[in-house]
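The values are calculated or read from the model by the stated rules, or taken from the named source; none is laboratory data. These figures come from a predicted structure and were not determined experimentally. Don't worry about glycine lacking a Cβ; one is built from the backbone with ideal geometry, like all the others, and counts go over all protein chains shown.
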Amino acid sequence: SAVISQKPSRDICQRGTSLTIQCQVDSQVTMMFWYRQQPGQSLTLIATANQGSEATYESGFVIDKFPISRPNLTFSTLTVSNMSPEDSSIYLCSVEPTTDTQYFGPGTRLTVL
Amino acid sequence: GESVGLHLPTLSVQEGDNSIINCAYSNSASDYFIWYKQESGKGPQFIIDIRSNMDKRQGQRVTVLLNKTVKHLSLQIAATQPGDSAVYFCAERDGANNLFFGTGTRLTVIP
């Protein structure tokens, strides 16, 4: 398994600002993922962030809105840019230390006013 | 992405009874399925998985059944406890190795 932490755990932000969410894992992993979970809904994959390459974004998500960094094998950041109330969600990072099994962080609860 | 959905959005069971949570998936090429448990304020927690070459897999108090003919997945929880109260998600992995989640079922255990 893997122990994953995220910062901040929650935040309240103003419309038009940006927030960077950090994800730290206790072991080196190649594959990291960022998900969004809107209130009362399931998880939607935003992008896959592998160290040494550009993040791969899913349909409906673009780099300008959700820039991602992956500077090493234990850390990644997701920025939510130019926020609007529709961006209010829980943002989760996950890692896949072994084939197939993904482990999730505790999430960052974002509220945009 | 694939369509992965659940038949029942909510489920209430008496403590000690068995729980069955169902899930339908649409991609017949998916070869790996996972059940996650998400408690309030926490990230999803891996419960059990199953590959498409299996029909059944058992863990501690949990069993996953896979029916590929009708593209149906179920999670059975034996002797349900209050600590089992959570939202349960099924997820499938597609050919591109991406994970797609179902809509979730909220399980409430009545003491």
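Go through (1) assigned to a loop (DSSP other than H, G, I, E, B); (2) over 11 Å from the mean Cα position of the chain (by Cα) one by one and return the number of the condition residue B:100 breaks.
The number of the failed condition is (1).
Quick grid of which residues meet (1) in contact with an Asp or Glu (Cβ under 8 Å, 6 or more places away or on another chain); (2) polar (S, T, N, Q):
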| site | (1), (2) |
| --- | --- |
| A:59 | no, yes |
| A:64 | no, no |
| A:78 | no, no |
| A:88 | no, yes |
| A:97 | no, no |
| A:101 | yes, yes |
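Those residues that are crowded, with 20+ Cβ neighbours inside 10 Å and either over 12 Å from residue A:95 (Cα atoms) or among the aromatic types (Phe, Trp, Tyr) (or both), I need them from the range A:48-59; list them, please.
The answer is A:55, and nothing else.
Need the failing condition index for residue B:79 against (1) within 14 Å of another protein chain (Cβ to nearest Cβ); (2) not in a strand (DSSP E or B), just the number.
(1)
Hey, can you tell me all the residues within the range A:96-110 that are in contact with a Phe, Trp or Tyr (Cβ under 7 Å, 6 or more places away or on another chain), closer than 17 Å to residue A:3 by Cα and modelled with pLDDT of 95 or more?
A:107, A:108
Among residues belonging to the range B:29-46 that are hydrophobic (A, V, I, L, M, F, W, C) and within 11 Å of chain A (Cβ to nearest Cβ), point out the one that is surrounded by the fewest Cβ atoms within 10 Å (Cβ to Cβ).
By that ranking, first place goes to B:46.
Those residues that are more than 14 Å from chain B (Cβ to nearest Cβ) and aliphatic (A, V, I, L, M), I need them from the range A:30-77; list them, please.
Answer for the range A:30-77, where residues must be more than 14 Å from chain B (Cβ to nearest Cβ) and aliphatic (A, V, I, L, M): A:62, A:63, A:68, A:73.
Every residue in the range A:91-113 that is more than 8 Å from chain B (Cβ to nearest Cβ), over 20 Å from residue B:92 (Cβ atoms) and crowded, with 22+ Cβ neighbours inside 10 Å, please.
A:91, A:93, A:108
Does residue B:43 fit the bill of being in contact with a Gly (Cβ under 6 Å, 6 or more places away or on another chain), modelled with pLDDT of 85 or more and over 16 Å from residue B:68 (Cα atoms)?
Yes.
Here are B:65, B:107: which of them is away from chain A (no Cβ under 14 Å), over 9 Å from the mean Cα position of the chain (by Cα) and buried (at least 20 other Cβ atoms within 10 Å of the Cβ)?
That would be B:107, the only listed residue that is away from chain A (no Cβ under 14 Å), over 9 Å from the mean Cα position of the chain (by Cα) and buried (at least 20 other Cβ atoms within 10 Å of the Cβ).
Report whether or not residue A:10 is free of Cβ contacts under 8 Å to residues at least 60 places away in the same chain, within 14 Å of chain B (Cβ to nearest Cβ), closer than 28 Å to residue B:86 by Cβ and touching a Leu at 6+ places or on another chain (Cβ under 8 Å).
no
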